[in-house]
1. Of the residues that make up the range B:117-131, is at least one without any contact (Cβ under 8 Å) to a residue 60 or more places away in the chain and on the phi > 0 side of the Ramachandran plot?
2. As an exercise: evaluate B:L8 against (1) within 11 Å of chain A (Cβ to nearest Cβ); (2) assigned to a helix (DSSP H, G or I) and give the number of the one condition it does not meet.
3. Select from the range B:270-285 the residues that are within 14 Å of chain A (Cβ to nearest Cβ) and among the polar types (S, T, N, Q) and write down the one among them that is farthest from B:Q324 (Cα to Cα).
4. Give the residue, chosen from B:L213, B:L156, B:L137, B:L171, that is touching a residue at least 60 places away in the same chain (Cβ under 8 Å) and either among the basic types (K, R) or outside the structural domain of B:G304 (by TED's automatic domain parsing) (or both).
5. Is it the case that the range B:420-443 has a residue that's within 25 Å of B:V165 (Cα to Cα) and surrounded by fewer than 16 Cβ atoms within 10 Å (Cβ to Cβ)?
6. Which of (1) within 30 Å of B:G225 (Cα to Cα); (2) more than 10 Å from chain A (Cβ to nearest Cβ); (3) touching a residue at least 60 places away in the same chain (Cβ under 8 Å) is the odd one out, the single condition B:F13 does not satisfy?
7. Within the range B:44-90, track down each residue that is of a type in the set (D, E, K, R) and assigned to a helix (DSSP H, G or I).
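The values are calculated or read from the model by the stated rules, or taken from the named source; none is laboratory data. Everything numeric in this text was worked out from a predicted model, so none of it was measured. Using ideal geometry, Cβ is built from the backbone for each residue, glycine included, and neighbour counts are taken over all protein chains shown.
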There are 2 protein chains.
Amino acid sequence: MTDRHAPLWARMFELKDLEGVLGLLSWDEETYAPSGARPARGRQTGTVEALRHQRLVDPALGDQIQGALADGALTAEQHLMAKRLERQRNLAVKVPESLVKAFAEARSTALEAWQKAKKERNFSLMEKELSEVLRLLAQKADALGSTTGVKYDALLDEYEPEMTVATLRPLFAQLRAGLVPLVERIAARGRRPDTSFLSQRYDDQKQWDFTMLLLRDLGFDLERGRQDRSSHPFTSAAAPSDVRVTTRIFEDNPSSAIFSTIHECGHGLYEQGFARDHDRTTLAAAPSMGIHESQSRLWENQIGRSRAFWGHYLPMLKASFPTQLAKVDLEAFHRAINVVEPSLVRVEADEVTYNLHIIVRFELEQALLSGDLKVAELPAAWNAKMKEVLGVTPTHDAEGCMQDIHWAWGAIGYFPTYTLGNLYAAQLVHAYERHHPGLWDDVAKGNFAPLLGWLRANIHRRGFTASAQQIVADAVGGPLEIESFLGYLRQKYHALYEL
Amino acid sequence: MTDRHAPLWARMFELKDLEGVLGLLSWDEETYAPSGARPARGRQTGTVEALRHQRLVDPALGDQIQGALADGALTAEQHLMAKRLERQRNLAVKVPESLVKAFAEARSTALEAWQKAKKERNFSLMEKELSEVLRLLAQKADALGSTTGVKYDALLDEYEPEMTVATLRPLFAQLRAGLVPLVERIAARGRRPDTSFLSQRYDDQKQWDFTMLLLRDLGFDLERGRQDRSSHPFTSAAAPSDVRVTTRIFEDNPSSAIFSTIHECGHGLYEQGFARDHDRTTLAAAPSMGIHESQSRLWENQIGRSRAFWGHYLPMLKASFPTQLAKVDLEAFHRAINVVEPSLVRVEADEVTYNLHIIVRFELEQALLSGDLKVAELPAAWNAKMKEVLGVTPTHDAEGCMQDIHWAWGAIGYFPTYTLGNLYAAQLVHAYERHHPGLWDDVAKGNFAPLLGWLRANIHRRGFTASAQQIVADAVGGPLEIESFLGYLRQKYHALYEL
């Protein structure tokens, strides 16, 4: 590194270290921390976050960043490091402290109200609190600003840098147009695969052992990471050499642990795959939530729910659970883990209907933010939209507009990244297959190294050296599109449902 | 808290939170962190430590402390909080940064040399490195200064505030004079209790379950703490509501896990017992290493190795290990866990000979620091002193002067706190018994609440509101002395060895 800018890089290392520490603190809180430690941990996390914020908004850092950016002698990578730091700092500096504080309080109040309202199935109990969050989010969007002048874009940019409503709207409209007929054809087929064998009793320890086998086989490095249990599976990285994934095991539903592990493993492989050269820099990071999600969904859905994958693993699963799976052949198993059915709850949705849930949220949250939709009208609007898009109607708001934590938590612009994850994943596999027609033979042998190697080179190691769209476009040789995803779904589900 | 000093208290909270975070980081490093995470974790810990140091030495904090100390309107407790913060800050400010850095480097080099030298049983491989550590420690002692003008006292004060060589020397001389004849009488008795049943195979999980039973029974609050495994048992507190103890289990030696758990439980009970009013303050801390050690040793030795204790627990241990303990009665078990035998290695020493190991170190480390003893002469001096005090001679330096990490680690003045822990523990139990003659009946019933309640009130809740000596003196109604300890040993071992 250029010595002249050593103080800047030292600051960057320090900020990155604090991020890592925060990652570990949150991992611990969700895994091993004793219940009584919660208040103290909250204060400790708050203290580290406040220190990080203070260091980030320090005007001296701003000067150091500008000094570096003006220095033509910087390498391209150093220039990018400074750019990313500038982005982080802008996000921290642009929002006035009074707004940060008001937002944190409003969010905390809204989260509490949401929990109560959801429990009592009474949306009016969170109406006022959600309105306040939205009011402050609109202020935050104004403070952040966006090149497009669209409020929603300012918020979206936090989760998916450089993505805009102008790009998403037509894309999501086409996606909807492509998905709805597929869902309808599957429904019209009137075939409900047998899934009863997945609700027998599966021993906890044997499930755990099987998930550890999957982790290892998929290439997760257990010397630079680990798996534990938590009530909601997640991935938290303290560093690329310290990546923690979690899973949860239900003895009456083995698919939960299996697909949670594969999903988090995808996130984990990404975090472990950042370039060593980028250690402790702003480049050892995902350029967006969407691209992060693409890695988890690629492994969970495209690979982990494929026929080839279970051709390899079903015999092993049967060896662990011979009585439960005695009469289950590969076809039956493959169908059972790929049931398509319009449903009310996003997190339980299959990969075909899933994105329709997102489209509902994407449209509603734009309207909420702009004020076109009043908070009081949300439940009715939600139900109407669900009926229109998915053909189902919640019986109460807890399984309707209150099912997700995101809005009460103040995360507007987050939902679309899930669908972007699915789109990116499909584009990646599609592009990989074109040049590596042996993909499914490899998967059928449990050989994931070639695909992982390609993802390492084309996605993981690039870190945040470009936007997500750019990195994916470079990897696949073309722009963001929905045809890869629709093509994947059609091929898979036409076969599965014999359409 | 007085509003006027709010900025000072905010700083104190912040420093305390960072200490807690460091506690958690080190716990994680010794329990769950993947092996490959070590370098990244080292950097993260270094960053948090550096931030803490920067905040501590900040001149503004010095002014705030002095402002508070000059304010007559402070409550007595607030005054003490500021005093403790002043002490912490002085320790950080007095040693120049160049010395801190040189010392850290010398220590790191010496630790590496020590590992190699110990492995190769060749002291000369660490001679130069240890000399450098000692040279810098002498400088550090000068920088810290002491009211007595004695170099050693300056270092001792870090571990045992307000303790001095002038107090320790006569005390340790008397202790030695009391211990040696007891050890000799036991040796002369020529009786080696049967311990063979303790080296049979004891199932790992059953041992774990038994240690968890002990933890719970002794009063360790598992909603405000937890037990895990580590290669060296330790206690690390992120907060009084977040206390982590560890144990280690050997299938061929159940006493390791049992007494490690009881020992760390003693440390853990202390950390959990600080007054809630002192949360996040400098008063929620042990006033010394010695008093901390008194809590672990009190439970491990005085209670955990007592006849009454095993009258209650041996039947339970037998229920877990019926074949291994079939022929073992209470007397035999009690004798087996209390074997006295002069030996070479401190960490394996019994409670009678243990303090003689400390006395050897106490004398040698004073001579090393003053320069009266040259590092090159240490092995010979060690062997001579061991022969003189314990009557044994190491066959090589790895089981001699290189057995402990402390000196290479730069911890001179640490060893005496172990013996102080034993002395304090004996005084506490002795005083408690005087007013609570039912102690051993309680212990025999597994009822530890009365003793714990008394320790809570007289030791734990006081935290760092006074020096260790003062707190113990208040609790027992008299000054530091060795007679309680010698009396305890004589009574116990005269009976055990039928002297």
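1. No, because not a single residue in the range B:117-131 is without any contact (Cβ under 8 Å) to a residue 60 or more places away in the chain and on the phi > 0 side of the Ramachandran plot.
2. Here B:L8 meets the rest and fails (1).
3. B:T281
4. B:L137
5. no
6. B:F13 satisfies every listed condition except (2).
7. B:E49, B:R52, B:R55, B:D63, B:E77, B:K83, B:R84, B:E86, B:R87, B:R89
Here's the yes/no breakdown for (1) loosely packed, with under 14 Cβ neighbours inside 10 Å; (2) within 21 Å of the chain's Cα centre (by Cα):
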position: A:L144; (1), (2): no, no
position: A:Y159; (1), (2): no, yes
position: A:A187; (1), (2): no, no
position: A:R192; (1), (2): yes, no
position: A:Q200; (1), (2): no, no
position: A:D209; (1), (2): yes, no
position: A:S236; (1), (2): no, yes
position: A:P240; (1), (2): no, yes
